[in-house]
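Participant: Have a look at this one before I ask anything.
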């Protein structure tokens, strides 16, 4: 009995995948058929039936003449449900191959607040780095933030929700010491990747300035990364020269002079078999991450197994059973000969 009521629950019907969902609209037409029959019966020649004195008795027995119509309506409705082919699909995914271990090292120094990328360099980097994370599948990713010092915010993980949360939390002033410690950032990234057994180990370092902080020389850090088989991609962010940076006391745009040490960034990438990219606007930065995405592809293969089960039979049997019941009721005292 519980199984029968489960078939009629809204939650059960909503959980199905329907092969012919448009047929379900026909259920609305079922009561209209009975209305149409009633209208046609009214238009026929009316038969006058004389009753004895007094009003005809009205009790529950008289109401039973509507039961055959209710049973017929349910039979038609269940037939339509069966024709719509309710189904459930189980999907199993098997992965094979090897992924990539990749560390994102992002500059959060004060200069990343410059607004040549909108709304500023850091926010543009966060947004596009999040898109990059969303595009990976099967890879382990980690996040390093750096300014005058560097911290590992997220270890190598496939928990991309965690990575997105940490990317969203990047902000100015999260490091006590301002500056650009590129060597220290590469050292922290290398420490994350040095024990990795992945086919490919990659560090993507994004910065907008020149290394002016930290105790580890950037060139030495790049050579150390190369010794562990880590490839480094460096991204130089922003324009050189005078660029917008907030507003002054009168609300007028304020400009500051900035310069990227492109030579050092190129040398770091070359020392670790990587590449240097320059992004002077948001579209350029998006294109850079797109190129890196193409260069560092995982060898992950997915096999999907789908098992679809038809569930129309219970509704078909219900329809047939109710149809037979209707035939029985039509031959009983419950039928209404005036409408037939």
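Participant: If each of residue 227 and residue 215 carries a label point 7 Å out from its Cα toward its Cβ, how far apart are those two points in nm?
Facilitator: In this crude label model, residue 227 to residue 215 measures out at 1.8 nm.
Participant: Quick one: of the DSSP bridges fully inside the range 100-297, what percent are antiparallel, nearest 5? Before the final figure, lay out each step's value.
Facilitator: On the way: 10 of 35 bridges.
Antiparallel bridges make up about 30 percent of those DSSP assigns within the range 100-297.
Participant: Oh, and also: May I ask you to work out the translational diffusion coefficient for the chain at 4 °C, viscosity 1.567 mPa s, via Stokes-Einstein with Rh from the Kirkwood sum over Cα pairs, reported in whole µm²/s?
Facilitator: Numbers: Rh = 26.1 Å.
Taking Rh from Cα pairs, D becomes 50 µm²/s.
Participant: Figure the gain on full extension for residue 130 and residue 255 (residue separation times 0.36 nm, minus the Cα-Cα span) and round it to one decimal in nm. Spell out each step's value before the answer.
Facilitator: Numbers: separation 125, 0.36 × 125 = 45.00 nm, distance 2.87 nm.
Gain on stretching residue 130 to residue 255: 42.1 nm.
Participant: Dividing the convex hull volume of the Cα atoms of the range 143-254 by its residue count, what figure in Å³ per residue is obtained? List each step's numbers first, then the result.
Facilitator: On the way: hull volume 14.2 nm³, N = 112.
That works out to 127 Å³ per residue.
Participant: Where does helix 182-193 land angle-wise versus the long Cα axis of the chain, in degrees 0 to 90, nearest 10?
Facilitator: 50
Participant: If r is the Cβ-Cβ distance from residue 162 to residue 30 and R0 is 56 Å, what FRET efficiency results, to the nearest 0.05?
Facilitator: 0.60
Participant: Suppose R0 equals 45 Å. What FRET efficiency, 1/(1 + (r/R0)^6) with r the Cβ-Cβ distance, do residue 23 and residue 172 give to the nearest 0.05? Display every interim value, and only then the final one.
Facilitator: Numbers: r = 58 Å, r/R0 = 1.30.
Plugging the Cβ-Cβ distance into 1/(1 + (r/R0)^6) gives 0.15.
Participant: Any idea how far apart residue 330 and residue 38 come out in nm if each label point goes 7 Å out from Cα toward Cβ?
Facilitator: A separation of 2.0 nm, rounded to one decimal place.
Participant: Next question, about the same structure. Could you work out which residue, out of 149, 165, 210, moves most in a Gaussian network model of the chain, that is, has the largest mean-square fluctuation with Cα springs under 10 Å?
Facilitator: Highest fluctuation of the listed residues: 165.
Participant: As I understand it, the value is the acute angle between the Cα axis of helix 218-227 and the longest principal axis of the Cα atoms of the chain; what does it come to in degrees, rounded to 10?
Facilitator: Taking the Cα atoms of the chain, the angle to 218-227 is about 60 degrees.
Participant: By its C-alpha gyration tensor, with a ≥ b ≥ c as the square roots of the eigenvalues, how is the range 100-297 shaped: rounded for a/c under 1.5, else prolate for a/b larger than b/c, else oblate?
Facilitator: Working: a/c = 1.69, a/b = 1.46, b/c = 1.16.
It is prolate, given that a/c is not under 1.5 and a/b is the larger ratio.
Participant: Right, here's the next one. Just grab the label-to-label distance for residue 293 and residue 310, each label 7 Å out from Cα along the Cβ direction, in nm (one decimal).
Facilitator: 4.1
Participant: Take the Cα of residue 262, step 7 Å along the line toward its Cβ, and report every residue of the range 99-123 whose backbone nitrogen sits under 18 Å from that point.
Facilitator: Those under the cut-off are 116-117.
Participant: Only bridges with both residues in the range 183-338 count here: give the DSSP antiparallel percent, nearest 5.
Facilitator: Numbers: 5 of 16 bridges.
So the antiparallel bridges in the range 183-338 amount to around 30 percent.
Participant: Next question. May I ask you to derive the relative contact order of the chain, considering only C-alpha pairs under 8 Å and at least 6 residues apart, and to give it as an integer percent? Before the final figure, lay out the partial values.
Facilitator: Details: 605 pairs, mean separation 79.7, N = 340.
Result for the chain is 23 percent.
Participant: Where does helix 160-169 land angle-wise versus the long Cα axis of the chain, in degrees 0 to 90, nearest 10?
Facilitator: Here the helix axis deviates by roughly 60 degrees.
Participant: Could you tell me what percent of the DSSP beta bridges with both partners in the chain are antiparallel, to the nearest 5? Show your work: numbers first, answer last.
Facilitator: Working: 24 of 49 bridges.
In the chain, approximately 50 percent of DSSP beta bridges are antiparallel ones.
Values quoted throughout were computed directly from the atomic coordinates according to the rules given, and no laboratory measurement underlies them. Worth saying up front: this structure is predicted, and the values here are computed from it rather than measured. All Cβ positions, glycine included, derive from the backbone under ideal geometry; neighbour counts span all protein chains shown.
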